[in-house]
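Here's the structure, in C-alpha cells; my notes come after.
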Amino acid sequence: MVATTYRWIKVFGKKASKRMLIRKMWDHMIDLKEGFVPRKEKVYLLSREERKEVRELIREQIKKEYIQLSKSPQTIPVFL
C-alpha cells in the first residue's frame with residue numbers, strides 16, 4: 001500500500017494541501033438566469049459531533065481559500 005500511495009505524496013501530502021492550485025480561466029462565478037427560483041433541498045440530519053466536524057472542515061477550507069462563502073440564493077445540504 002505504501003509503495004502505491006507514495007507517488008501521490010506531492011499531490012495529497014500535508015505540505016501540498018496547504019496551498020491553493022493555480023487559478024484557471026474557467027474559475028468564475030455562475031450567473032443565474034432571470035426568474036430563477038431556488039428549490040428547497042432535503043437537509044441531511046447530522047449528529048452533534050458530525051456537525052462539529054463539518055463546521056471545522058468548512059472553516060479550514062475557507063481559511064485555505066479552497067472554497068468561499070456563496071452569494072447564491074440556492075442552498076444545498078452538506079456537500080463536501
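Checked against (1) over 22 Å from R23 (Cβ atoms); (2) within 16 Å of the chain's Cα centre (by Cα), K40 meets all criteria but (2).
If you go through the stretch 34-69 and pick out every residue that is exposed (fewer than 10 other Cβ atoms within 10 Å of the Cβ) and either among the acidic types (D, E) or in a loop (DSSP other than H, G, I, E, B) (or both), you end up with 12.
Every number here is computed from the coordinates shown, using simple stated rules; none is lab data. Bear in mind that the values here come from a model prediction, so they are computed numbers and not experimental data. Don't worry about glycine lacking a Cβ; one is built from the backbone with ideal geometry, like all the others, and counts go over all protein chains shown.
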